Structures are given as C-alpha cells and as structure tokens.
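Take a look at the structure set out below.
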Amino acid sequence: MAILVTGGAGFIGGNFVLDWLAQSGEPVINVDKLTYAGNLETLKSIDGNPAHLFVKADIGDRAVIGELLRTHQPRAVINFAAESHVDRSIDGPGEFIQTNVVGTFNLLESVRGYWNELDEAARAAFRFLHVSTDEVYGTLEADDPPFSESNAYEPNSPYSASKAASDHLVRAWHHTYGLPVLTTNCSNNYGPYHFPEKLIPLVILNAIAGKPLPIYGDGQQVRDWLFVKDHCAAIRAVLAGGKVGETYNVGGWNEKPNLDVVKTICGILDELKPRTDGLSYAEQIAFVKDRPGHDRRYAIDARKLERELGWKPAETFETGIRKTVAWYLENTQWTANVQSGAYLQWVEKNYADRNS
Ligand code: NAD
Ligand code: TYD
C-alpha cells in the first residue's frame, strides 16, 4: 500500500507528508514541480526515509504521472499541487490556469487511466482527494452565515476562479466516469514552513527584520484561520471515512480581521523577542494600497466534517499562532534560505506601488 501526494514540497503538502510519515509506515510518493513555492528543505527531516520517494515532476505530465501510478500502485492520490497566492494570480494569472485548471485536468486523466486498469476491489477502495479552498465561495457580508457545502460557487480572484474550475472538473470526473473523488474546501492555513509571501509569515519575518508590516486597505477583511496540522488531520479523516463524491468544508472557527491578526503577532513577539528600543512591534504597522477585488470576509461552517467524521480542530488561534511565531524564531536557517533572490524580487514588485 502507498499513497501519492502532489505538491508535497509546499506549505500544506509538506506538513502533510511529515505528519503522515510520523504517524504511519505507509509509503508516500511525493510529486512536486518545485516552483518558487516548493522547498525540499521542508522535507529535510525525512531525508533517507525509505517510505518517502520524492519525484520532481509536473502534475500535467501524463507520461511521468502515469508511469508513477502504474509502478507504485497507490491506493489514493491527494492533490495539493497548485499556484496558491492571490496577489500573484492578479499579477500573472496564466500559471494559475495552467497548473490549477489544465494541470488538474491532466492529473485526473492520468488517474482515470490507472484506475480503469485496477481490479474491482482496488477500484472500489481507490480515492482521489482534491485539496481546495473556501475562496471558491466568494465573499461574505458581516452578518452572513458562514460558508456551508451547499453555498454557490462565486469566485472573485483569478486564484479562486482557477481553484473553482478544478473543483468542477473533479466533480465531473466522478459523475461522468465514476472516479471515486473527495474534495475538501479549507479556510486560511498558518503554521510551520509557510512561505513568507503570505500574511502571517510575512509579518513575523518583517517584524524581526525591522521592516514595515503592510496592511492592505483598512485591515478589516476577515479570514478564518486554521493551524496547518489541523488541516492535515482533517484530510486524513476525509481520506479514511469521507463519502465518495462529497465535499467537506474545513475551518478553525477562528474568524479574525487582518489587523487583529497582525496585532496578535506583534504582542507575542513583544514577549518572546522584545525590540531593543522597548517599543512594540505594532509601531511597524503600515497601511498600504488595497488588493484589487479584495474579498471582505470568509467564514467556514465545518459542522458536516465534525458530525460525519468526528473531526474538530485541536488548536485555537491563540495556541496555534504562539506555536507558529516560536517556530519562525527557532528555524532561522529555513527562513533565511526561502528568502532568496526570487523571493526578494517578488516582495519588491508586490509592495512597490502600494506604499501610501
Ligand atoms: P504552496 O504554494 O505552498 O505549495 C504548492 C506546491 O505545489 C509547491 O510545492 C509547488 O512547487 C507545487 N506545484 C505547483 N505547481 C505544480 C505543478 N504544476 N506540478 C507539481 N507541483 C506543483 O501552497 P499551499 O499553501 O501548500 O496549498 C496547497 C493546496 O491547498 C493548494 O491546492 C491550495 O489551493 C490549497 N489551500 C491552501 C490554503 C492556504 O491557506 N494555504 C487554504 C485552503 C486550501
Ligand atoms: P494571504 O495570506 O495572501 O491569503 P488569502 O489572500 O488567500 O486570504 O492574505 C491574507 C489576508 O491578509 C488577505 O485579506 C490579504 C491580507 N494581506 C495584507 O493585508 N497584507 C499583506 O502584505 C498580505 C500578503 C496579505
């Protein structure tokens, strides 16, 4: 028995692979293209582990994926691979269409070809689990109920539109071809190994480097935050017990305005690594030009997952964010290495004309 994971050198996929191998002896074939967001250093602790096979490949490469599937005969494929940053999707949507839409289509076709050749028992047991986002549901008003699995898809950014398209393909491959699929739609993750172009790691690293903490617009946009290891546990629960063809919303019951998130991080840093001048890191907060089409609020109703599969987040935002800040303070080697030339170029481009 084995599973095949795509995007397992990224933030969530990397955490998933590490947790999987820590908890189970079942081998993982880890397929990742190693874009700017893929980082083998995240997987350093499993170097030489015979249960982990890393393959550098594109999910859209049918020849490579088909051969891997036939050679290793996984009982499940978990698709994390994607372009994942909204600001990059606004700057250049092409890669998002290529990987998230065309890549997912090609992956589904590779998997369908393999699955068709399995014997009856293996076909019945096989699962294709597609990891998606709550952003496919669009934006909420302050008093709207949180997103449930029956909400209409109303994606607003090139990123969320490309993920919505991939979710539709996955659904169609089940209804038309019978492929045994599962889809999870999760809220914003945070935790170790998060690439510092996203709000939480960016703020932690900018703060300790004495740089501004950029808040888009008024900072009152609300996100639901989930500690990444809770997301990994939810995926394991859905893989083990989810009903084929169903979607499951995953969330942390932690709705926070961005400004509150940033102030919380500043408070923890004030305690763990006080500024030498005695002032708070909150002094570094800087309001900058907003993101075009910025969704105002996301919130997740995760009761289906709790009711049907008994999953609940283990961390509150308060416990998870403290662990996360401490992780970034301790793992200076990892953070120094991801802040490479390519990363610095992106930061310069994204924030150049935002300063207000
Ligand atoms: P990430 O950007 O950190 O990692 C993506 C990984 O996919 C990288 O390792 C990258 O090299 C790889 N990849 C990209 N294109 C590829 C391709 N064509 N073929 C093979 N590998 C490729 O993203 P993440 O934050 O870990 O997100 C993982 C998944 O979870 C994505 O599908 C994302 O949409 C979804 N998701 C993310 C969040 C979040 O808050 N980060 C929340 C909900 C859902
Ligand atoms: P991000 O981490 O990019 O995730 P997403 O856009 O998928 O929700 O951003 C989280 C929130 O933080 C989002 O509302 C945009 C905001 N944000 C800032 O205010 N400043 C920043 O520098 C970044 C990167 C994000």
Amide hydrogen neighbours beyond the local backbone of Phe147, cut-off 5 Å, H modeled = Ala299, Ile300, Asp301
Starting from the residue with the highest accessible area, list Thr316, Thr35 in decreasing order, probe 1.4 Å.
-> Thr316, Thr35
Gap in Å between the Cα centre of the stretch 187-203 and the Cα centre of the stretch 292-315?
-> 18
Within the set Gln23, Gln220, Gln284, GNM on the chain using Cα springs under 10 Å gives the largest fluctuation to Gln23
The stretch 100-216, convex hull of Cα, quarter of hull surface, nm² -> 10.0
Residues with amide H under 5 Å of Glu154's amide H, sequence separation 5 or more or different chain, H placed in the peptide plane at 1.01 Å from N; which?
-> Tyr137, Gly138
Between Lys44 and Arg303, 0.36 nm times their residue separation minus their Cα-Cα distance comes to what?
-> 89.7 nm
Tensor-based shape of the stretch 116-179 (alpha-carbon gyration tensor, a/c under 1.5 rounded, otherwise prolate or oblate) = prolate
P(r) over all Cα-Cα pairs of the chain, 10 Å bins from 0 to the longest distance, whole percent per bin, short to long, reads 5, 25, 36, 24, 9, 2, 0
Once the Cα atoms of helix 228-241 and of the chain are each reduced to a long axis, what angle between those two axes, in degrees from 0 to 90 to the nearest 10, is obtained?
-> 20
Is any residue of the stretch 211-240 close enough, with backbone N under 14 Å, to a label point placed 7 angstrom from the Cα of Asp277 along the Cα-Cβ axis, and if so, which?
-> 211-213
Just the accessible area per residue of the stretch 40-112, please: how many Å² with a 1.4 Å probe?
-> 44
Across the stretch 207-220, in residue order, what do the Karplus-derived ³J(HN,Hα) couplings come to in whole Hz, using 6.51 cos²θ - 1.76 cosθ + 1.60 with θ = phi - 60° and x for Gly and Pro?
-> 4, 6, 8, x, 9, x, 9, x, 10, 6, x, 8, x, 9
Applied in sequence order to the stretch 117-134, the curve 6.51 cos²θ - 1.76 cosθ + 1.60 (Karplus, θ = phi - 60°) yields integer Hz couplings, x standing for Gly and Pro, of 8, 6, 6, 4, 5, 5, 4, 5, 7, 5, 9, 10, 9, 9, 8, 10, 10, 6
Using heavy-atom solvent-accessible surface (probe 1.4 Å) with all chains present, what is the largest-first order of His52, His72?
-> His72, His52
Over the chain, with every protein chain in place, what whole percent of the accessible area is carbon and sulfur at 1.4 Å, could you tell me?
-> 51
So what's the convex hull volume per residue for the Cα atoms of the stretch 13-83, in Å³?
-> 90
Long-range amide H partners of Ile215 with built H, under 5 Å | Ala286, Phe287, Val288
Calculated FRET efficiency, Arg296 and Ala240, Cβ-Cβ r, R0 45 Å, to nearest 0.05?
-> 0.80
Express the accessible area of the stretch 249-356 per residue in Å², computed with a 1.4 Å probe while the remaining protein chains stay in the model.
-> 53
Would you compute, from DSSP H runs of 4+ residues alone, the mean residue ellipticity of the chain at 222 nm, taking -39500 (n - 2.57) per run and dividing by the full residue count, rounded to the nearest 500?
-> -13000 deg cm²/dmol
Residue-ordered couplings for the stretch 17-25, obtained by feeding phi - 60° into the Karplus form 6.51 cos²θ - 1.76 cosθ + 1.60 and rounding to whole Hz (Gly and Pro as x), are 4, 4, 5, 4, 6, 6, 10, 8, x
Set Lys263/Lys349; Lys44/Lys323; Lys211/Lys256; Lys56/Lys349; Lys33/Lys263; Lys44/Lys263 screened for pairs whose C-alpha atoms are more than 30 Å apart | Lys33/Lys263; Lys44/Lys263
Value of relative contact order over the chain, rounded to a whole percent, pairs C-alpha under 8 Å and six or more apart | 17
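The values are calculated or read from the model by the stated rules, or taken from the named source; none is laboratory data. Note that this is a predicted model, so its numbers are computed, not measured. Note: ideal-geometry Cβ built from the backbone for every residue, glycine included; neighbour counts use all protein chains shown. For accessibility, only protein heavy atoms count, side chains too; no ligands or nucleic acids. Shrake-Rupley method; radii C 1.70, N 1.55, O 1.52, S 1.80 Å.
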